[in-house]
1. Set Lys and Arg Cβ to +1 and Asp and Glu Cβ to -1, take the dipole of the stretch B:7-229 about its Cα centre, and tell me which of B:Leu213, B:Leu114, B:Gly223 lies farthest positive.
2. Charges only on Cβ, +1 for Lys and Arg, -1 for Asp and Glu: so what's the dipole of the stretch A:214-330 about the Cα centre, in debye to the nearest 20?
3. Would you list the P(r) distribution for chain A, with all Cα-Cα distances sorted into 20 Å bins from 0 and each bin expressed as a whole %?
4. By how many degrees, between 0 and 90 and to the nearest 10, does the Cα long axis of helix A:88-97 differ from the longest principal axis of chain A?
5. Out of the stretch A:102-183, which trypsin sites (Lys or Arg not before Pro) are coil in DSSP terms and have no more than 11 other C-beta atoms within 10 Å?
6. So what does B:Lys232 come to for accessible area, using a 1.4 Å probe and Å² rounded to 10?
7. Of all beta bridges DSSP finds with both residues in chain A, what is the antiparallel percent, to the nearest 5?
8. Net charge near A:Leu158: determine it from the other residues with C-beta under 10 Å of the C-beta of A:Leu158, scoring Lys and Arg +1 and Asp and Glu -1.
Amino acid sequence: MTDPILSVRDLSIAYKTGRKESVTAVSGIDLDLYERQSLALVGESGCGKTTLGLGLLRLLPGLGEITSGSLTYRLKDGSTADLLKMKPEQLRRFRWAEAAMVFQGAMNAFNPVIKIVDHFADTLRDHSDGKRKWTKAAVEARAGELLETVRLDPDRVLQSYPHELSGGMKQRALIALAIALDPQVLVLDEPTTALDLLTQRSIVQQLHELRKKFGFTMVFITHDLGLAAELADRVATMYAGRIIETGSARDIFYEPKHPYTAGLINAVMPVKGLRPQLESIPGYPPSLKAMPSGCAFHPRCAFATDACKNERIDLDLLTERPLGMSHTAACLHHDQVRFERKCTDTSAARPASIVESETADV
Amino acid sequence: MSETPLLKLSGLEQVFDTRKGPVAAVGGVDLEVKAGKVLCLVGESGCGKTTTARAAAGITRPTSGAVEFRGKPLTAMNAAERTEYRRSVQYIHQDPYAALNPTRTVYSTLTAGLKRHGLVKGRTEARAKAAELLRLVDLTPPESYLDAYPHQLSGGQRQRVNVARSLAMDPKLLICDESTSMLDVSIRVSLLNTLGRLRDELDVGFLFITHDLAVAKYFAWDGEIAVMYLGKVVEHGPTPEVIGNPQHPYTKALIGAVCEPDPDLAKANRSAEQLRSAEIPSLHDLPAGCAFHPRCPAFEPGVCDGERPLLQLAERRNVACHVVARDRRRAAAPDDRTLTFDAVPGSRRPEPESAI
Ligand SMILES: Nc1ncnc2c1ncn2[C@@H]1O[C@H](COP(=O)(O)OP(=O)(O)OP(=O)(O)O)[C@@H](O)[C@H]1O
Ligand SMILES: Nc1ncnc2c1ncn2[C@@H]1O[C@H](COP(=O)(O)OP(=O)(O)OP(=O)(O)O)[C@@H](O)[C@H]1O
Ligand code: SF4
Ligand code: SF4
Ligand SMILES: [Mg+2]
Ligand SMILES: [Mg+2]
């Protein structure tokens, strides 16, 4: 089982913004996902995480388009398929049964005039292989079982309309819906944004168990680095539409080599200890319409030199490992990045700061 | 200090009628927000935070209890006062996907309220004002976003447009419902700093709902935190006290569940499941006595499952827990051995009559 379950090569995605204008939201993505892995996709708001997630399932909205690259899946029956060549009918079966997505803004993903139970009925009937007959009773039984795995009370929730559930309850119902047909790949876009910590915890635990039981591969998009540390074997950081660092969770959280990743981890607010003076990464994320040249992070980077402004910087292999676990970073000066974990201990609480450049020392 | 609070909720109750009978989503909440201060509302998904916020913003009418703005009950306001209240109190919807009108550009969304209240004259002024608002929430350069439609924005970008819209009206009270939940840590810090300036320089008061305790701690350090569980406040006090030294078993569990961005720590924590049950009780059928008792690690039979615990002062904050209250009484009177009811293990003191 050393073949990846999903193989992405040089994927680029653009959005049409006018008759002849378009913006590139994601570019040059190479990614191999292996069975049972969980990959966290982290990065600044607007950097293209959702776009990439939607692209992986070809679920982009009408104005979004995959402009280059390939997406190859290994299906449940062992055959491989090029997603970009699939016909609409194949694609419909593929989604939910082979790969499913939990959308960001889950709270709004339900049709407001349809009861929760009917959402399950629609999904089960539309996307299953047609071998099984989904009677009303069968739907209710399956949906009830799924809702229980996300700690919702089927008696109450099944017959509810979406507006009768709180934000977090809707989010959980959507996770239940996504795993209804035992997909092999599950893409979760900010799956726990509206959930309190205890519910988050129990969902994380559920996902761990479900993954063990059903062996699906998980890509989850999150801004919550604590959650990523807990749930991910691998992490990929995105910035301005590109993956700029990948590695095992330990690589990324203990030894980030891209200045942006390091800054992100150091901007996390600790709950324990005194309140430190926090700093955000200086400057603003770039807008797609005004992308900086060279390394897109250079206007905000403490290590930037003239060389950074000139040409695109590709991922450099730092530590090679099998099964996609290698540590790579797209930074000219990654050897200068020394990450110092911000202290969260009361006794030594001190201001968090962006990693300082060694060369900046006089 | 007896200055009139900006917002005062007293005995707030909201009961929804559903096919399965009435659901008491909020069951008697008393809270205050003062000018220039922050009150954070935290608690389990579905415990009634949004319902409380919507009643406070005048979007829904509570089934019982009162909402007062600057000492005046909403129900007693005349038309002019209501208009003023609508302008001064801005509610930022929990779901930025549902809150933005899909057919309006960002510019049109940001300036609709300003135009309605006659606060901007002409298109140039309106665009300049909208651009200024976008800069406040780190959407720069503003020209890239002014003419975009919501579907062209990412989740976090929509969330910030939502925040910017509420700032347009120079509000006196902001009710933020998970308004930083879709932002990465760096932009979140920056947005909280912006909101913090409104609080400190313009005396804006905040009812701030968040599930992120770090955000609560950071933003409400000089303010208060109220922890809700199944429609009621179970712990309420100054932020550093509640976070640093939680008293209610539910708050303790919440704080114990925090995950730091550290994979090894996370793995070590994973096994530490502290609650007796993960099941959230149904609002249709609340457990007797303390609603948390089926899950509470400190549950004591006979003590917790009789009556509902009331909020009582403990360690500079209010806590609704029988066990905390009892331990406190014990600690307060360690020497009056002759009078103690606890001399015989297992015996009980009578319940206290009054709360707070
Ligand atoms: N339909 C569209 N037309 C034009 N631009 C778009 C469209 N959809 C998204 N974008 C832009 O593409 C970029 C990436 O958006 P995406 O939703 O993938 O971000 P994200 O990383 O998921 O951010 P967030 O964490 O805020 O959800 C953003 O700058 C956004 O403004
Ligand atoms: N219109 C409605 N009809 C029936 N029940 C409702 C309605 N609105 C909310 N509820 C119920 O009231 C309870 C509280 O909901 P609320 O949205 O206030 O929770 P919340 O604390 O904001 O949760 P979250 O953190 O998940 O957003 C939930 O059980 C919900 O199902
Ligand atoms: S390539 Fe240059 S600008 Fe980009 S992150 Fe590395 S040092 Fe900074
Ligand atoms: S009253 Fe009892 S069950 Fe309720 S929180 Fe306190 S110890 Fe736990
Ligand atoms: Mg997104
Ligand atoms: Mg809510």
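The values are calculated or read from the model by the stated rules, or taken from the named source; none is laboratory data. Note that the structure is a prediction, hence the values are computed from the model and not measured. FYI the Cβ positions are ideal-geometry reconstructions off the backbone, even for glycines, and counts take in every protein chain you see. Side chains are part of the model used for accessible areas, which takes the heavy atoms of the whole protein and leaves out ligands, DNA and RNA. Shrake-Rupley method; radii C 1.70, N 1.55, O 1.52, S 1.80 Å.
1. Value: B:Leu114.
2. 280
3. P(r) for chain A, in whole percents per bin: 28, 56, 16, 0.
4. Computed tilt is about 80 degrees.
5. Loop-located and lightly packed - A:Lys131, A:Arg132, A:Lys133.
6. Counting only protein heavy atoms, B:Lys232 exposes about 70 Å² to solvent.
7. The antiparallel proportion sits near 60 percent.
8. Neighbourhood net charge equals -2.
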